[in-house]
Amino acid sequence: MVDNIKKRLDFKYFSETEDKYHATQMLDCGNYSVASGIKSKFGNDLNIYNILAEDITMYMTIDNEMNIKFPSVNRFPNQYIKWNAYKNAALELLEQFLDEDKIVLINTLHHELKFLGYYNMPYDYTDGMPVHWITVIHHDAKNIYYVEHPDMINHAHYKYYKDNQSVGVIDKEYLKPLFEKYLVCITIDIDFGRLDLFDERLFSILKNYIDLFDKEKIIDGINYFYGIASLRKMAELCFTEIKSDKSTEKLINSIRKINLMRIYMKECLMKLAENKSDIIDITKEDIYNTFEPMIMALINIINVLTKRDMKKQILLDESMSGLFNGLITYEKKIAELISKIIEHECDFI
């Protein structure tokens, strides 16, 4: 147990070498906390890409009033993770879970946590409790040790563990009054039996991707654009004016999600190709070289949109149309590769 504690406290959760694209850092707080929790218990021994991978099929919707849901990806229910929620929890319950070596996430009055970038006191809770998940990895008599999304940290009030800046340390006495007001604990269980069947689920995802690669549907008056049809529609929308408002964050986050799923899928397929290199003619290099141009092009779009948002500029214009149209070529290459992989389904499974 002592060795496990040392490993999780010494593990570099923010390390570039362990996460080339900072892929887990692109996640929302819930999924980022799950990824951090998995790393805290298993280090790099467990492939988090298999657990986090979802359908990579892009889609967007537009209703009759021109309300737009920007391109994102189909969400498959995660079959490998069970969330156990404990509302009205207390510090003692959190300590118990940590002593039992569980993966633990917490939600509390995070606007009152000084180490967070959006610390805001006094905060008005009349509209309900805000949600933000933090991974807690250890406790001792005095402190709680946690992992927070690096983009959320206010370093002026952030104390970290020894020389590991990715593990935060906070005094229990500081947390007690917040926990007494509001604390939700989540423990995470991983279904390893189902995870062993990942390859079968993977091929159902790949087949769905090909089936919907370039399709449009109308369901209950809402227009659905799938695959490269959604990219073409985005290119058209670039000739309209979408200014910096609430839609900005949705657009950038949607594209970030699309990219994340391609990063995860690339890693999953490269692992499959490596394991079956003796019987199939698709190599890790083939998969890497096919996915990488799309991944880098999406990162470029994310960076461009983020800079425009910071400058309060119009997000979508004619130049952005060219960037979205350019994605179609890369996505077609991915579809060609996935079609070949599906042909080898019997060899993989």
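For the options G43, G326, G128, a Gaussian network treatment of the chain with springs between C-alpha atoms closer than 10 Å singles out G128 as fluctuating the most. How big is D for the range 267-349, in µm² s⁻¹ as a whole number, if Stokes-Einstein is applied with the Kirkwood radius of its Cα pairs at 37 °C and 0.692 mPa s? For the chosen part, D equals 224 µm²/s. Extension gain for the segment V304 to C346, taken as residue separation times 0.36 nm less the Cα-Cα distance, is 10.9 nm to one decimal. By the Stokes-Einstein formula, at 1.567 mPa s and 4 °C, the range 157-279 with its Kirkwood radius over alpha-carbon pairs has D equal to 64 µm²/s. Ranked by the mean number of other Cβ atoms within 10 Å per residue, highest first, peptides 91-103, 224-236 order as 224-236, 91-103.
Building the convex hull from the alpha-carbon atoms of the range 94-204 and averaging its projection over directions returns 9.9 nm². Net charge dipole, the chain: roughly 700 debye, given to the nearest 20, about the Cα centre with Cβ charges of +1 for Lys and Arg and -1 for Asp and Glu. The simple spin-label model puts a point 7 Å past each Cα toward its Cβ; for D278 and Q313 those points are separated by 5.5 nm.
Using a Förster radius of 56 Å, what is the FRET efficiency between H155 and N84 based on their Cβ-Cβ separation? Nearest 0.05, please.
The pair H155/N84 has a calculated efficiency of 0.95.
Highest mean packing comes first when the peptides 8-14, 282-288 are listed by Cβ atoms within 10 Å, giving 8-14, 282-288. For L178 and K12, the difference between the fully extended length at 0.36 nm per residue and the C-alpha to C-alpha distance is 57.0 nm. The mean sequence separation of alpha-carbon pairs under 8 Å and at least six residues apart, normalised by the residue count of the chain, gives a relative contact order of 21 percent. Looking at the P(r) of the chain, how many percent of alpha-carbon pairs lie beyond 36 Å? Of the Cα pairs, 29 percent sit more than 36 Å apart. Residue separation of K114 and I210 scaled by 0.36 nm, minus their Cα-Cα distance, works out to 29.8 nm of gained length.
We did not get these values from a lab; they are worked out from the coordinates using the rules stated. Keep in mind that what you see is a predicted model, and the values were worked out from it rather than measured. Ideal geometry is used to build each Cβ from the backbone, glycine not excepted, and the neighbour counts take in all protein chains shown.
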